[in-house]
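These notes concern the structure reproduced below.
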Amino acid sequence: MKKILLLIILFFFSCSLIAQDRGHLVIIGGGDKPDYVLQKIINFAGGIDAKIIVIPNASSEPIESGEYNVNEFINMGCVNVSYLFCSWEEANQDSVIKKLEGVTGIYFGGGDQAFLTRDLLGTKLLDEIKKVYENGGVISGTSAGAAVMSQVMITGNEHKNKDSTYSFITIEKGNIENTEGFGFLQTVIIDQHFIKRKRLNRLISLVLEKPNLLGIGIDEATSIIVNPDDTFEVLGENQVVIFNPINSINIKEDFHGNLGVENLQIDILLSGDKYDLKKHSVIK
């Protein structure tokens, strides 16, 4: 009996060590990036001497984007930052993987998140990026680089309504296109430019179709800092909106495809507010 108890204690102790080894996520909703948010990324990476890699693949002009993002970090005092742009085939080559040696910070730039998954999903490079996170490094991204953080990724496209760049006009079933993201967060769906681009209907639609997941909408110039213990803090100039359908009831659909729900919980968080992803609640 004592041996069994000891094994149980050792198991949970080892699990806690694994959780402590994991790093941080800094997920930015797009738009301007406050210097204090960039400073968080740098601090989590280990300071201005840390090796940070920018991944600009989401951009339609990845070289220009990569250089711009690198200069943002250089302007913050970083001395060991560079960008890495590669195709899916190159992302499986040892010569490219080798570039991540010693890296403690990854930054995904903005653009189209489908470009990021096209080039990195299922590659050795993404596996190595995940190891950076598992070994205590920081993974960060803005806009498209935020959308890829969750396992369920919003692509930005609609199946039914085709002109929705800035506003989503319905809450209906089967409209919001989604696919596989990078999966740093398994229990949420991340959306970005959230309030500025009026994307509430988009995220509500998707969480009602996937009521086991939280919807987290991050506005521009705003971030969530996800800690190893699955709590996060809002840091930025605007708000983060959370749709929690987990305790909702009577999710239904009418003959037009419109979705209805009772008891959908909504929290609107300001900078400094904290949230527990395991308990699905604001931390008081």
> Which condition breaks for residue 18 when tested against (1) part of a helix (DSSP H, G or I); (2) modelled with pLDDT of 95 or more?
Replying inline: (2)
> When you go through 248, 223 one by one, which is the residue that is in contact (Cβ under 8 Å) with a residue 12 or more places away in the chain and either of a type in the set (A, V, I, L, M) or within 20 Å of residue 192 (Cα to Cα) (or both)?
Replying inline: 223
> Taking the range 251-280, which residues are free of Cβ contacts under 8 Å to residues at least 12 places away in the same chain and in contact with a helix residue (DSSP H, G or I) (Cβ under 8 Å, 6 or more places away or on another chain)?
Replying inline: none
> Looking at (1) out of contact with any Phe, Trp or Tyr (no Cβ under 9 Å at 6 or more places or on another chain); (2) loosely packed, with under 14 Cβ neighbours inside 10 Å, which is the one condition that is false for residue 282?
Replying inline: (1)
>> Can you confirm whether residue 212 is of a type in the set (S, T, N, Q) and in contact (Cβ under 8 Å) with a residue 40 or more places away in the chain?
In response: no
> So residue 250 clears everything in (1) on the phi > 0 side of the Ramachandran plot; (2) part of a loop (DSSP other than H, G, I, E, B) except one condition, right? Which one?
Replying inline: (2)
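Any chance the range 88-103 includes a residue that's touching a Lys or Arg at 6+ places or on another chain (Cβ under 6 Å), open to solvent by 10 Å² or more (accessible area, probe 1.4 Å) and not in a helix (DSSP H, G or I)?
Looking for residues that are touching a Lys or Arg at 6+ places or on another chain (Cβ under 6 Å), open to solvent by 10 Å² or more (accessible area, probe 1.4 Å) and not in a helix (DSSP H, G or I), one finds at least one in the range 88-103, hence yes.
Okay, residues lined up against (1) of a type in the set (Lys, Arg); (2) in contact (Cβ under 8 Å) with a residue 40 or more places away in the chain; (3) within 19 Å of residue 26 (Cα to Cα):
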| residue | (1), (2), (3) |
| --- | --- |
| 64 | no, no, no |
| 82 | no, no, yes |
| 107 | no, yes, yes |
| 122 | no, no, no |
| 132 | no, yes, yes |
> Inside the range 159-178, can you point out the residues that are modelled with pLDDT under 70 and open to solvent by less than 30 Å² (accessible area, probe 1.4 Å)?
Replying inline: 164
>> Give me the residue from the range 104-113 that is of a type in the set (Gly, Ala, Ser) and not in a strand (DSSP E or B) and, out of that set, farthest from residue 70 (Cα to Cα).
In response: 111
> Listed residues 215, 236; which is surrounded by 15 or more Cβ atoms within 10 Å (Cβ to Cβ) and in contact with a Phe, Trp or Tyr (Cβ under 7 Å, 6 or more places away or on another chain)?
Replying inline: 215
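Please indicate, with yes or no, whether at least one residue in the range 122-129 is under 22 Å from residue 224 (Cβ atoms) and outside any strand (DSSP E or B).
yes
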> If you scan the range 32-44, which residues turn out to be touching a strand residue (DSSP E or B) at 6+ places or on another chain (Cβ under 8 Å) and either open to solvent by 10 Å² or more (accessible area, probe 1.4 Å) or not aliphatic (A, V, I, L, M) (or both)?
Replying inline: 33, 34, 36, 40, 44
>> Is it the case, given these coordinates, that residue 226 is in contact with a His (Cβ under 9 Å, 6 or more places away or on another chain) and at pLDDT 95 or above?
In response: yes
> Consider residue 185 against the criteria (1) touching a Ser or Thr at 6+ places or on another chain (Cβ under 8 Å); (2) open to solvent by 70 Å² or more (accessible area, probe 1.4 Å): it satisfies all of them except one. Which criterion is unmet?
Replying inline: (2)
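The values are calculated or read from the model by the stated rules, or taken from the named source; none is laboratory data. This one's a predicted model, so the numbers in the text were calculated from it and none came from an experiment. Positions of Cβ are generated from backbone atoms using ideal geometry, with glycine treated the same way; all protein chains shown enter the neighbour counts. Accessible surface areas use protein heavy atoms only, side chains included; no ligands, DNA or RNA. Shrake-Rupley method; radii C 1.70, N 1.55, O 1.52, S 1.80 Å.
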